[in-house]
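Quick note: the coordinates plus some simple rules give every number you see, no bench work behind them. Since this is a predicted model, take the numbers as computed values, not measurements. For neighbour counting, all protein chains shown are included, and Cβ atoms are generated from backbone atoms with ideal geometry for every residue, glycine included.
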Amino acid sequence: MRPRIPTILPSVRLLKRGYTYNAPSANYPGHVPTNIFQKLFLAAGSGIYSFFDPKRADLIATLGEATAVPFLMKRLRDQMLSDPTGRRILRDRPRITSASIRVDQLLSYPENTIGRTYAEWLKREGVSPDTRARVRYIDDEECAYVMQRYRECHDFYHAITGLPIIIEGEISLKMFEFANTLIPMTGIGAILAPLRLKPKQRERLRTIYFPWAIKNGATARPLINVYWEEILDCDVQEVRDELGIEKPPDLRELRKKRISRL
Amino acid sequence: MKLCTLRATLPVRGRVFRTYAACRRLSSKSTLETVTGTQSGIAFDNSATISQTCSTTMSNLYDVVIVGGGISGLTLAAGLKSSPYTSNLKIALVESMSLASAKNWSPENDRYSNRVSSITPASRCYLSQIGVWDYVYAERVQPYDDMRVWDGVSGARIHFDAFHLGAEDASIAFMTENLNLQHALLSRLNDLPADPPVMVLDNTKVEGITEGPTFDDLDLSSWPSLKLSNGDIIMARLLVGADGVNSPVRSFANIKSRGWDYRQEGVVAVLDMEWDDRQRIAWQRFLPSGPIALLPMPDGKASLVWSTSPKHATHLKSLNGGAFCTLVNAAFRLGMVDLQYLMTRVDEEEITQEFEWRDGRLPIEAEGQQFPIRVVEVQEGSRASFPLKMRHCDTYVAPRIALVGDAAHTTHPLAGQGLNLGQGDVASLVRVIEQATQEGSDIGHEIVLQQYWAERYPINHMMLGVIDKLQKLYCTDFPPIVGIRTIGLEVVESLDWVKKIIMKQAAGA
Ligand SMILES: Cc1cc2nc3c(=O)[nH]c(=O)nc-3n(C[C@H](O)[C@H](O)[C@H](O)COP(=O)(O)OP(=O)(O)OC[C@H]3O[C@@H](n4cnc5c(N)ncnc54)[C@H](O)[C@@H]3O)c2cc1C
C-alpha cells in the first residue's frame, strides 16, 4: 500500500513537486522548463541587472516571464477567452514580425491611421517588430503565447497612447499596462524604475502620468483583445474612443514648454 | 366506482368495530339524517348538503386513503397489500392524472422516458421484498458501480467505486425510468391476490378535505373526509399524503413546510453517446451555475440532469439538438470561461467550431476517464426542465394523517435521493402500520404515527441538510471557498474509510 499522508494536502504535493526536479519535457518549441526555485533565481538576476541597465530588453523579458504568476497569466488568458476577438487571436495565433507587418507599406497609409502611427513610431524610435524576444520560461503553452502577444503588441500601445519611448514614457506605459493586464513585470517596472529618475521627473510621473495610466488602464477595454493587424487602417482617435482611452498630455511638449520657460 | 364490502375488510377490533356496529344499527333505518359538510377545508362547497344513507357512508369508509399515484403512493399501496398483517386493510388510492399510460407501458425500442431516477440498493431491496422488482423490465435498468465527481472550477476529483460498499458485485445504484417503476407497481397491485383489492381511482382529483360527519351514534368527525372530483366523498381512518411537493393533504393538516427555492432548474434529456462503451459510470461535474450529471442507461444511452439558472435552462431547451449536445459535452470537458462563452452563442456552427478547438487541446487519455465520452444526439422531445427546491415539513404526521415522499420533503437532485427517501418513508410507515394492526391499535392514532415520524425525520433531515450544504458549497467560484472545498475533497478522496461511510449513507443503508 502506498503511503497516504503526503497526498492528503495539496500543499504537501506542491512542495514535493517543487523539490523533485525530474527534467520535465518542453511544452512548446523554445520552452525552457524551470521549477519554482529556478524561476525565483531568474527573476532576481534579471531584475537586478535590468534595474541598472534598463535598455536590456532581453533581461526585462526574462523578468517578465520569471515573475508571470500562472494565476495572473491565466486571468489574462481568460479575458481573451471571454471575448470573440480575443478567442480568435488565441486560435489564429498571429505573430507580429516584419514579415507579417510591412512597415514600409504602412508609411503610405493616411496620417491618422493606426498603421501609419505605428510605423512612424517604429521609425522615429528606431525599433523594428523583430526586436521582441521569444517567450521561454512560461510553462503553459497558451499563457506563453499570451505573453508573446502582449510583448509584440507593446509598440502598438505606444502608438495608440502617444507616450514616447524615453524612460518616462516607458514607465508610464508600464503602469498603464499593469492596470490593464496585471502582468506582474509591468507593475514591478513601473514601481522600481522611477527610483533612477530625477525628482522633477518623478514628480511629473506621480502627479500627471501615473493617475492617467491607472485610470485609463483600469477602465479601458482589455488591450490584449485587440486584433491590431485588422485595424491598421482605422482612425487612431476612433480606436482610442472605442477602447475607452484618453490621450495623455504629450511628454515632449511638456518638456519643451519647461525648457522654453527657463 | 367498485363497491367493496366493509365487513370483510375492516379488522373487527377497537374503534372500527364500534363504528361498524353502530353503522349496522343505523343502516337498519331506512333513511339517515342529512349531514352538512361545513367544516373548514380547502375548496369545499360549503353550501352543499350531502345526504347519504349509512350504507353509502360505510362503503366510502377506508382504512387507508392514499392521495397521489406517484412512486411513493403506489409503493405504499403495494407495501401494505404485500404484508400479511396489513393486506386486509381497505385501501383507496386517488390520483388526479390518468394511470393508464403507466399501466400499459412497455419498453419502446430505442426510446426512453426523460424522467429517470437512480434507485439505491436499499430501495431496490425493499421493492424486491414487496414483490415489485420482479415486474420491472430488467433490460431497461442500468446498474452502475463507479461514480466520478469533480469540481469544475478547481478540477479536484473524487472517485467512488462499488467495492467500497463491501460486496464483490455491488452496484452503487440502478438507473430506471420512473415509468418502468410505476408500471411495475401497478402490475404488482393488479396481480396481488389481496382481498379487498386496492381501489385505484385515477383521473380523480381530491378537491377538498374536511373533517368527517357525525351521525346520531356514529362520530366520524376525526376522520378526514375527501371530496373527489367525480362527486364521491370518501373517509379515511388514515389519510396518507403522497401527493407531491404541493401536497393538498399537508395543507389540510396545516403542517408547515419550510425551505427555499434554489433558483435553479433541472434540465433533463435522454442522450445518445458516441458509442456504447459499456462503462457503468455515473458522471457529475459541479459547475458554479449548478451540477451537471450524466447517468448511464442501457443501449449506449444516458440520462442528463443539468441544474442551472432558469435563464440558461430556457436557452438550453431552445437550442437545436446539435448545439445542445455540444454544450453538454462542453459542460463536462471545457473550462468555465469557455463554457460561459459558449452559453452566450446560438449559432450551431460557431458553437461546434469553438468547442472543437478547445476540446482538441485536451489530453486524449482523459476521454472516458476524466470525463464521459461524447454525447452525439438528444432524443427528440426529451428535453424538459423542473424547478428545484428544498422543502422539509416540521412533522409528517397529524391525527389520522401521514405524509410520505415529496409531500414531506423535496430536495435537489444532485445526490439522486428524492425518490429514495420516499421509499424509505414508505417502508417505515408500512412497518409502523403492521405493528399497530398486530397490537390492535388504531392505525390512524397520532401516537402510532409518531413512531414513523420519529424514525424518518432525522434521517431525511440529515440527508436534506447535507445535500443543501453541498449545493451551496459548490454554487460559487469565490476563490477562498473553492480552495477550502478542494482541500476537503482531496482529503476525502485519500481516505477510503470516509468514502465508505459516505457511500453507505447514500446507498440508504
Ligand atoms: C430533475 C429531477 C431529477 C430527479 N432525479 C432523481 C433521482 O435520480 N433519484 C431520486 O431518488 N429522485 C430523483 N428525483 C426526485 C423524484 O423524482 C421525486 O422525489 C419523486 O418522484 C417523488 O415521488 P412522490 O410519489 O413522492 O411525488 P410525485 O411523483 O410528485 O407524486 C405526487 C402525485 O400526487 C398527485 N396529486 C397531487 N395533487 C393531487 C390531488 N389534489 N388529487 C389527486 N392527486 C394529486 C400528482 O398527480 C402526482 O402524481 C428527481 C427530481 C427531479 C425534478
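What to note about this one:
- Percent of Cα pairs exceeding the 22 Å cut-off, where the set is the range B:366-509: 57 percent
- Helix-only mean residue ellipticity at 222 nm for chain B, each DSSP H run of n ≥ 4 adding -39500 (n - 2.57), per residue, nearest 500: -11500 deg cm²/dmol
- Amide H contacts of residue B:172: B:144, B:145, B:146, each under 5 Å away and 5 or more positions distant or on a separate chain (H built 1.01 Å from N in the peptide plane; Pro and chain starts excluded).
- For chain A, the relative contact order is 22 percent, taking Cα pairs closer than 8 Å that sit 6 or more residues apart in sequence and dividing their mean separation by the residue count.
- For the residues of B:338-347, the average number of beta carbons from a partner chain within 10 Å of their own beta carbon is 2.
- Share of pairwise Cα separations in the protein assembly as shown, more than 41 Å, in percent: 50 percent
- Principal-axis tilt of helix B:348-359 within chain B, Cα atoms, nearest 10 degrees: 60 degrees
- Set B:256/B:317; A:74/A:174; A:39/B:472; B:205/B:389 screened for pairs whose C-alpha atoms are more than 28 Å apart: B:256/B:317; A:39/B:472
- Taking a ≥ b ≥ c as the square roots of the eigenvalues of the Cα gyration tensor, chain A is prolate, since a/c reaches 1.5 or more and a/b is larger than b/c.
- Computed from phi, the 3J(HN,Hα) profile of the range B:323-333 under the Karplus parametrisation 6.51, -1.76, 1.60 (θ = phi - 60°) reads 5, 4, 4, 4, 5, 4, 4, 4, 5, 8, 10 Hz, with x in place of Gly and Pro.
- When +1 charges are put on Lys and Arg Cβ atoms and -1 charges on Asp and Glu Cβ atoms, the dipole computed for the protein assembly as shown relative to its Cα centre reaches about 2800 debye.
- Check: chain B dipole with +1 on Lys, Arg Cβ and -1 on Asp, Glu Cβ, in debye: 1600 debye
- Reported to the nearest whole Å, the Cα centre-to-centre distance from the range B:303-330 to the range B:138-214 is 25.
- Overall form of the range B:82-149 per C-alpha gyration tensor (a/c, 1.5; a/b vs b/c): oblate
- For the range B:399-478, averaging the sequence separation of C-alpha pairs within contact (under 8 Å, six or more residues apart) and dividing by the residue count gives a relative contact order of 35 percent.
- For residue A:200, the lysines whose Cα falls under 17 Å of its own Cα, not counting residues fewer than eight places away in the same chain, are A:256, A:257.
- When the Cα positions of B:410, B:308, B:334 are compared along the charge dipole of the range B:299-443, B:410 comes out farthest toward the positive end, with charges on each C-beta of Lys, Arg, Asp and Glu.
- Under 21 Å from the Cα of residue B:504 - lysines, other chains or at least 8 residues apart: B:469
- Protection proxy ranking, highest mean first, for peptides B:430-443, B:198-211: B:198-211, B:430-443, where packing is the per-residue count of other beta-carbon atoms within 10 Å, averaged.
- Qualifying aspartates and glutamates (Cα of each under 15 Å from Cα of residue A:215; at least 8 residues distant if same chain): A:177, A:241, A:246
- From the C-alpha gyration tensor of the range A:93-171, square roots of 5λ in Å: 23, 15, 10
- Cα-based shape type of chain B, given that a ≥ b ≥ c are square roots of the gyration tensor eigenvalues and the cut on a/c is 1.5: prolate
- Residues with amide H under 5 Å from that of residue B:264, placed H, sequence gap 5 or more: B:388
- For the range B:124-131, backbone phi angles converted through the Karplus equation (6.51, -1.76, 1.60; θ = phi - 60°) give residue-by-residue couplings of 5, 4, 5, 5, 5, 4, 8, x Hz, Gly and Pro being listed as x.
- For the range B:443-464 and the range B:351-387, distance of Cα centres in Å: 43 Å
- Integer Hz, Karplus 6.51/-1.76/1.60 couplings in order for the range A:222-238, x for Gly and Pro: x, 5, 5, 8, 8, 8, 4, 4, 8, 10, 4, 9, 8, 6, 4, 4, 4
- Close amide H partners of residue B:203, meaning residues 5 or more places away or on another chain with modelled amide H under 5 Å apart, are B:95, B:97, B:98, B:99.
- Each of the peptides A:60-69, B:497-506 was scored by the mean count of other Cβ atoms within 10 Å over its residues; in descending order, highest first, they stand as A:60-69, B:497-506.
- For chain A, calculated [θ]222 nm from helices alone, where every DSSP H run of n ≥ 4 adds -39500 (n - 2.57): -18000 deg cm²/dmol
- Selected from A:114, A:159, B:486, residue furthest toward positive end of dipole (the protein assembly as shown; charges at beta carbon): A:159
- When all alpha carbon pairs of the range B:74-227 are counted in 5 Å bins from zero, the resulting P(r) reads 2, 8, 13, 14, 14, 14, 11, 8, 6, 5, 3, 1, 1, 0, 0 %.
- Counting only Cβ charges, +1 for Lys and Arg and -1 for Asp and Glu, the dipole size of the range A:78-124 around its Cα centre is about 160 debye.
- Peptides B:96-103, A:52-59 ordered by average Cβ neighbours within 10 Å, highest first: B:96-103, A:52-59
- Residue (of B:441, B:401, B:422) at the positive-pole extreme of the range B:395-454, dipole from beta-carbon charges: B:422
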